[in-house]
Amino acid sequence: MSEKILSRASGKTAVANDFVMADIDYAMAHDGTSILAVKAFREMEVEKVWNTDKIVIPFDHLAPANSDTTASLQKDIRNWIHEQKIRNFYDIGNGICHQVLPEKGFAMPGKLIVGADSHSCTYGAFGAFGTGVGATDMAEIFASGKLWFRVPESIKITVEGNMNKHVCAKDLTLKVVGTVGSDGATYKALEFYGNTISDLSVSGRMTLCNMAIEMGAKTGIVPPDNKTLEYVKKRAVDEYDPVYADDDAIYAKEIHIDVEDLEPQIARPHEVDNVCGVSEVEGTRVDQVFIGTCTNGRLEDLEDAAAILEGKDVAVRTIVIPASRDIMIEATKNGTVEKLLEAGATFATPGCGPCLGGHMGVIGDGETCISTANRNFRGRMGKGGCIYLASPATAAASAVTGTITHPGNV
């Protein structure tokens, strides 16, 4: 699939390990990376961006601003956006970039979408080639609409089996990460197949593709099916052509995973691939629970947490941050927000929050947080502390007991 997308984008037949200069369909930089990208753009002495409709800039990482320095930097970017007449600007409260782009119709099958953020691989859930680049590369895209790529080799991952109750897309994703390893797919494109993948919702596929980068992958892609097309056709801002791998496609490696007996999964500190079943760490004390992020801040994630917390009280501070304004509105309308608030959870503005250690829930030295995010590196959510990664259901169950807990036990 990656070879076909990069062939279309470069106007030439592209096979694994070729170098190509490709036309970018959509480019994204958020409030954290647009600062450096715009600085580099100005240093290039280019007056105008290549296309005011193809650039998307959401403010999500430190939004609302957490300091006067951040506020000043964001003010400068707002001014630049106005000067350049960039149409697709989503200011604070709209949500996380990787949720906003699909919601607003920029993530479409067959497209080449590049973001100045490593988790831009999320867009592969829609059959796109989504990948992250550095700020200087993004400045080059702002100026020319092009970027060079080495065409990645592909790994085919087939997942079969029906997941048990309380086991969801995040558990499947952690199982895949633990199986492949943090460097097991370095600069490869992951393609996901099998009945388990087909059964996942669009949100679940976004969770899966979101963490492709945690295996070192350049991108992660789910072939578009009726679920994908139903989601996209209501939102797409452009025409699109889905692509699929040929039956005789050559893969660098094939991996098969059975989830029939999978229990909820946990990634232990301080590596994302340090994965085990929840039973191995059950009873570990936690100081904070965080439910949200571009990995698990979607509506079904909040609903899973609310189903666990309804009628109960949290035993530790519990922070919930929806991935977007639209999700927060839906969660408010269907009673999910009320259930979570009644249980004692604290809500914050749609955005990234404490995921990157920015604000709205940073943990202190020696504290432990169970989080639905995608990274648990040392210092990720503050200078000290430990992070365990889990599903929204497991995180919510842990909020009830104050220790890491199997959702079925509450």
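Excluding ligands and nucleic acids, what accessible area in Å² is computed for W50 using a 1.4 Å probe, to the nearest 10?
70
If you plug each phi of the stretch 197-205 into the Karplus form 6.51 cos²θ - 1.76 cosθ + 1.60 with θ = phi - 60°, what whole-Hz ³J(HN,Hα) values come out, in order, with x for Gly and Pro?
5, 4, 6, 5, 6, 4, 4, x, 5
Going toward the positive end of the dipole of the chain, with +1 on Lys and Arg Cβ and -1 on Asp and Glu Cβ, which of A128, I157, I35 do you reach last?
I35
Treating cross-link reach as a plain straight distance, find the aspartates and glutamates whose alpha-carbon is under 20 Å from the alpha-carbon of K383, omitting any fewer than eight places away in the same chain.
K383 reaches E271, D287, D365, E367.
Could you rank E153, E83 by how accessible they are, 1.4 Å probe, largest area first? Walk me through the numbers before you get to the answer.
Details: E153 65, E83 110 Å².
Greatest to least solvent exposure: E83, E153.
Hey, got the Cα dimensions of the stretch 267-313 along the principal axes, in Å, largest first?
30, 25, 19
Across the stretch 51-57, in residue order, what do the Karplus-derived ³J(HN,Hα) couplings come to in whole Hz, using 6.51 cos²θ - 1.76 cosθ + 1.60 with θ = phi - 60° and x for Gly and Pro?
The phi angles translate into 7, 6, 8, 9, 9, 10, 10 Hz.
In the chain, if the dipole is taken from +1 on Lys/Arg beta carbons and -1 on Asp/Glu beta carbons about the Cα centre, which of P109, I250, C97 is farthest to the positive end?
Selected residue: C97.
In debye to the nearest 20, how big a dipole does the chain give about its Cα centre with +1 on each Lys and Arg Cβ and -1 on each Asp and Glu Cβ?
On the way: 39 positive and 55 negative charges, 171 e Å.
The calculation lands at about 820 debye.
Treating only the Cβ atoms of Lys and Arg (+1) and Asp and Glu (-1) as charged, compute the dipole magnitude of the stretch 1-61 about its Cα centre; round to the nearest 20 debye. Don't jump to the answer; show the numbers that get you there.
Numbers: 7 positive and 10 negative charges, 31 e Å.
With Lys and Arg at +1 and Asp and Glu at -1, about 140 debye.
For the stretch 184-207 and the stretch 56-120, what is the separation of their C-alpha centers, rounded to whole Å?
25
Roll a 1.4 angstrom probe over the protein heavy atoms and tell me the percent of accessible area of the chain that is carbon or sulfur.
Numbers: 7220 of 15440 Å².
Carbon and sulfur together cover 47 percent of it.
Going down the table (K85/K146; K4/K233; K111/K339; K85/K333), which pairs top 27 Å between alpha carbons?
Numbers: K85/K146 20 Å; K4/K233 22 Å; K111/K339 39 Å; K85/K333 35 Å.
The pairs that break the limit, which is 27 Å between Cα atoms, are K111/K339; K85/K333.
Under a 1.4 Å probe, what is the accessible area of the stretch 136-223 per residue, stated in Å²?
So the stretch 136-223 comes to 29 Å² accessible per residue, rounded to a whole number.
Of M206, P223, G194, which is farthest towards the positive pole of the stretch 193-252's charge dipole, taken about the Cα centre with +1 and -1 on the beta-carbons of Lys, Arg and Asp, Glu respectively?
Result: M206.
Applying the Karplus parametrisation 6.51 cos²θ - 1.76 cosθ + 1.60 with θ = phi - 60° to the phi angles of the stretch 355-361, what ³J(HN,Hα) value in whole Hz is obtained for each residue in order, glycine and proline being reported as x?
3, 9, x, x, 5, 6, x
Just the accessible area for K48, please: 1.4 Å probe, Å², rounded to the nearest 10?
The accessible area of K48 comes to roughly 100 Å².
Would you please give the residues with an amide H less than 5 Å from that of V56, counting only those at least 5 places away or on a separate chain, with H modeled from the backbone geometry?
A27, M28, A29
With a cap of 11 neighbouring Cβ atoms within 10 Å, and only residues DSSP puts in a loop, list the trypsin sites (Lys or Arg not before Pro) found in the stretch 99-182.
Details: sites: K104, K111, K146, R150, K156, K165, K170, K175; in loops: K104, K111, K165.
Passing sites in the stretch 99-182 are K165.
Could you give the dipole magnitude of the stretch 106-211 about its Cα centre, charging the beta-carbon of Lys and Arg +1 and that of Asp and Glu -1, in debye to the nearest 20?
Values: 9 positive and 9 negative charges, 29 e Å.
Charge dipole, the stretch 106-211, about its Cα centre: 140 debye, nearest 20.
Enter the accessible area of F377 (Å², nearest 10), with the probe set to 1.4 Å and all protein chains included.
Surface accessible to solvent at F377 totals approximately 90 Å².
Given a 1.4 angstrom probe, what's the average accessible area per residue across the stretch 57-102, in square angstrom? Display every interim value, and only then the final one.
Working: 1940 Å² over 46 residues.
I get 42 Å² per residue for this part.
The values are calculated or read from the model by the stated rules, or taken from the named source; none is laboratory data. On a predicted model such as this, the values are computed, not experimentally measured, just so you know. For neighbour counting, all protein chains shown are included, and Cβ atoms are generated from backbone atoms with ideal geometry for every residue, glycine included. Surface accessibility is based on the protein's heavy atoms, side chains included, excluding ligands, DNA and RNA. Shrake-Rupley method; radii C 1.70, N 1.55, O 1.52, S 1.80 Å.
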